[in-house]
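The values are calculated or read from the model by the stated rules, or taken from the named source; none is laboratory data. This one's a predicted model, so the numbers in the text were calculated from it and none came from an experiment. Cβ placement follows ideal geometry from the backbone for every residue including glycine, while neighbour counts extend to all protein chains displayed. We work out accessible area using only protein heavy atoms, side chains counted, and drop any ligands, DNA or RNA first. Shrake-Rupley method; radii C 1.70, N 1.55, O 1.52, S 1.80 Å.
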Amino acid sequence: NYASLCIELGDYEQGLELFKKSAHTFESQLPATEKYLTPTYSNIGASYAKLEQYDSAMFFFQKALDSPNATMKTKGLLIHNMGEVLYEKGDLSAAQRHFEEAITKKQEEKLLHFLPSSLLGLAQIYLKLVQPEQAKSFLEQSESVIHQYRVKKSMSELDDVWAAYYEHVGDFEKAVVI
């Protein structure tokens, strides 16, 4: 849809307005449109996150999570997104809890190809907490899942976090090679 295209092209404000209009339309036509509310609220939350309006992002991610038709798959992804927002806000302990919960939900639902993003989130937290061995453990787990399930989307993020890890431990030669 056009709102998603706006977000993809970096026009977050326009995408946000279109998603909000969609939500208003769906809310006014309940219960027939209830199934569309979870993804719409999630998209609104993602739009706010892109705009660095983290409190609004959390509000809409929570609203999507509380939606009666949120599936286990959706819940795992929403909890992960909330972890990312909390990480950006600097609330590392809350972000850690959210990433751990997202991993549990993804494992329960056998959505293993979605694991790397949450594992990488935990690696980044441990780098910020100056616990490189913990970070390395999550990087290795993420790398294993990425290669096992051929998750191309996560490869560049993995490289970025490995580079940050090598910088952190002072191995600048490896950091540059990645």
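Among the residues of segment 37-58, none is identified as surrounded by fewer than 17 Cβ atoms within 10 Å (Cβ to Cβ) and more than 20 Å from residue 84 (Cβ to Cβ).
Listed here are the residues, each with its yes/no results for (1) closer than 18 Å to residue 141 by Cα; (2) modelled with pLDDT of 95 or more; (3) hydrophobic (A, V, I, L, M, F, W, C).
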site: 90; (1), (2), (3): no, yes, no
site: 95; (1), (2), (3): no, yes, yes
site: 98; (1), (2), (3): yes, yes, no
site: 101; (1), (2), (3): yes, yes, no
site: 107; (1), (2), (3): yes, no, no
site: 110; (1), (2), (3): yes, no, no
site: 118; (1), (2), (3): yes, yes, no
site: 123; (1), (2), (3): yes, yes, yes
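Listed by first and then second residue, the pairs with beta-carbon distance under 6 Å, at least 6 apart or on different chains, first residue in segment 23-35 and open to solvent by 90 Å² or more (accessible area, probe 1.4 Å), second assigned to a loop (DSSP other than H, G, I, E, B), are 35/69. Among the residues of segment 68-104, those identified as of a type in the set (D, E, K, R) and either touching a strand residue (DSSP E or B) at 6+ places or on another chain (Cβ under 8 Å) or closer than 22 Å to residue 36 by Cα (or both) are 73, 75. Reported count of residues in segment 43-90, each being hydrophobic (A, V, I, L, M, F, W, C) and within 11 Å of the chain's Cα centre (by Cα), is 9. For residue 93, the conditions (1) buried (at least 19 other Cβ atoms within 10 Å of the Cβ); (2) of a type in the set (Gly, Ala, Ser); (3) over 14 Å from the mean Cα position of the chain (by Cα); (4) assigned to a helix (DSSP H, G or I) all hold with the exception of (1).
I'd like to check something: does segment 149-160 contain any residue that is of a type in the set (Val, Ile, Thr) and within 15 Å of residue 77 (Cβ to Cβ)?
Scanning segment 149-160 turns up at least one residue that is of a type in the set (Val, Ile, Thr) and within 15 Å of residue 77 (Cβ to Cβ).
Any idea which residue in segment 147-178 is most open to solvent (accessible area, probe 1.4 Å), counting only those that are part of a helix (DSSP H, G or I) and of a type in the set (Gly, Ala, Ser)?
Ranking the candidates gives 156 first.
Contact map, segment 64-93: residues that are closer than 19 Å to residue 107 by Cα paired with residues that are surrounded by fewer than 23 Cβ atoms within 10 Å (Cβ to Cβ) and among the acidic types (Asp, Glu), Cβ distance under 6 Å, separation 6+ or inter-chain. Pairs shown: 72/109; 73/109; 79/101. Applying the criterion of being at pLDDT below 95 and charged (D, E, K, R) to the residues of segment 67-88, the residue that is most open to solvent (accessible area, probe 1.4 Å) is 73.
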